[in-house]
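Colleague: Here it is, the structure, as C-alpha cells.
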Amino acid sequence: MRLVFAFVRSLVVLAVLWQAAVLVFALPRYLLPTPLEVLAVFTRQPGFLLEQSLVTIAEMLAGLAVGTAFGVATAIGLAAFPRLGKLVWPFVLVLQAFPVFVIAPLLVLWFGFGMVSKIVMAAIIIFFPVVSAFSDGLRRTDAQILDAVALTKASHWQSLRLVRLPLALPGLVTGLRVAAPLAPLGAVVGEWVGASAGLGFVIVQANARMQTDVVFAAMAILAVLAVGLRLLVDEATRPLAHWARET
C-alpha cells in the first residue's frame, strides 16, 4: 500500500505543478492541456478508453506470463548446463542490447498486426530482467552451502533442484519486480508500430490529430497500469521468498 500512497502523492504534486506551469506560461491547449482538461477526456469517452485499455491489459498480462516462463526456463537451463550457458549467454546479452524499436517492425512483419506481435514484444522486454536476475541468483549460491551439499554426495541435478533454485528465488522476485512495470511499454511499442486497437494506437491517432489531452489521458492510464501490475507481482511473488525478509 505504501507504493499506492506514494504514487497518489506524487500524482497530486505533479498535477499542481502542471496546472501552475500552464497558467504561468500561458501554454496553448494543443501544447500542454491542463489536468482538468485531461480528466474531461475520461468523462467524454469512458467506454472508448476502457475498451482500448482492455486490449493493452490483455497484451501486457500475456506478455508478462510468456516472458517470465521463457526467462525462468532459460535461467534454469543456463545453470543446469554450464558449458552451454557460456555459449548462449553472450547471445542473450547481444539481443538485450538491441533497441526495442528495431525489433518491433520485424515482429509486426512476422506475426501480423494482431495481438500476437504485441505479446511477443512485451515478452521480450520482460524476458531479459527475469533471466538476468534469476541467473545471477543461481550463480551466487553461497560456496559454503555448496560445499556442505557436496559432502552429502548429492548429484548436480539434486543440488540445483533442492538447494540452488530455492536460494535463487529472491533473485527471481527482484527480476519480476523490475520487469512488471515494463510490460505496458512492450505492448505500447508494438501498438505504435502497427495496430488497430490499444492505448498505443490511441496515442498515435490522437497525436496525429493534435488531441494532446487524449494523449495525456492514455499516458495516465498506462502509468496506473504499470503501478497496478507492480503491485500484482508483489502480492503474487510474496510466497516465493517469504523466508527472505526485507529490511
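Colleague: Let me confirm something: among VAL108, VAL102, VAL72, which residue is closer than 24 Å to ARG177 by Cα and among the β-branched types (Val, Ile, Thr)? Break it down into steps so the answer makes sense when it comes.
Modeller: Details: VAL108 fails: closer than 24 Å to ARG177 by Cα; VAL102 fails: closer than 24 Å to ARG177 by Cα.
It is VAL72.
Colleague: How many residues, within region 68-99, are open to solvent by less than 40 Å² (accessible area, probe 1.4 Å) and touching a Leu at 6+ places or on another chain (Cβ under 9 Å)? Before you say what the answer is, go through the steps one by one.
Modeller: Restricting attention to region 68-99, the residues satisfying the condition of being open to solvent by less than 40 Å² (accessible area, probe 1.4 Å) are 68, 71-72, 74-75, 77-80, 85, 92.
The next check asks that each one be touching a Leu at 6+ places or on another chain (Cβ under 9 Å); those that pass are 68, 71-72, 75, 77-80, 85, 92.
The total comes to 10.
Colleague: From the list GLY47, GLY71, which one is in contact with a Pro (Cβ under 9 Å, 6 or more places away or on another chain) and within 25 Å of LYS118 (Cβ to Cβ)? Outline the logic, then answer.
Modeller: Values: GLY47 fails: in contact with a Pro (Cβ under 9 Å, 6 or more places away or on another chain).
Result: GLY71 is the single residue among GLY47, GLY71 that is in contact with a Pro (Cβ under 9 Å, 6 or more places away or on another chain) and within 25 Å of LYS118 (Cβ to Cβ).
Colleague: Here's something else I'd like to know. Considering VAL178, VAL204, which residue is under 15 Å from the mean Cα position of the chain (by Cα) and either modelled with pLDDT of 85 or more or of a type outside the set (S, T, N, Q) (or both)?
Modeller: VAL178
Colleague: Further question: Based on this model, can you work out whether ILE125 counts as at pLDDT 75 or above, open to solvent by less than 80 Å² (accessible area, probe 1.4 Å) and over 14 Å from TRP192 (Cα atoms)?
Modeller: Working: at pLDDT 75 or above: yes; open to solvent by less than 80 Å² (accessible area, probe 1.4 Å): yes; over 14 Å from TRP192 (Cα atoms): yes.
So ILE125 fits the description; yes.
Colleague: Determine which member of the set LEU151, LEU165 is of a type in the set (A, V, I, L, M, F, W, C), surrounded by fewer than 18 Cβ atoms within 10 Å (Cβ to Cβ), within 30 Å of ARG83 (Cα to Cα) and modelled with pLDDT under 85. Break it down into steps so the answer makes sense when it comes.
Modeller: Numbers: LEU165 fails: surrounded by fewer than 18 Cβ atoms within 10 Å (Cβ to Cβ).
Going through LEU151, LEU165 in turn, the sole match is LEU151.
Colleague: Another question, if that's okay. Does SER159 meet the test of being touching a helix residue (DSSP H, G or I) at 6+ places or on another chain (Cβ under 7 Å), modelled with pLDDT of 80 or more and on the phi < 0 side of the Ramachandran plot?
Modeller: Working: touching a helix residue (DSSP H, G or I) at 6+ places or on another chain (Cβ under 7 Å): yes; modelled with pLDDT of 80 or more: no; on the phi < 0 side of the Ramachandran plot: yes.
Taking the combined requirement at face value, the residue does not satisfy it.
The values are calculated or read from the model by the stated rules, or taken from the named source; none is laboratory data. From a predicted model like this one, the values you see are computed outputs, not experimental measurements. Every residue, glycine among them, receives a Cβ derived from its backbone with ideal geometry; neighbour counts consider all protein chains shown. For accessibility, only protein heavy atoms count, side chains too; no ligands or nucleic acids. Shrake-Rupley method; radii C 1.70, N 1.55, O 1.52, S 1.80 Å.
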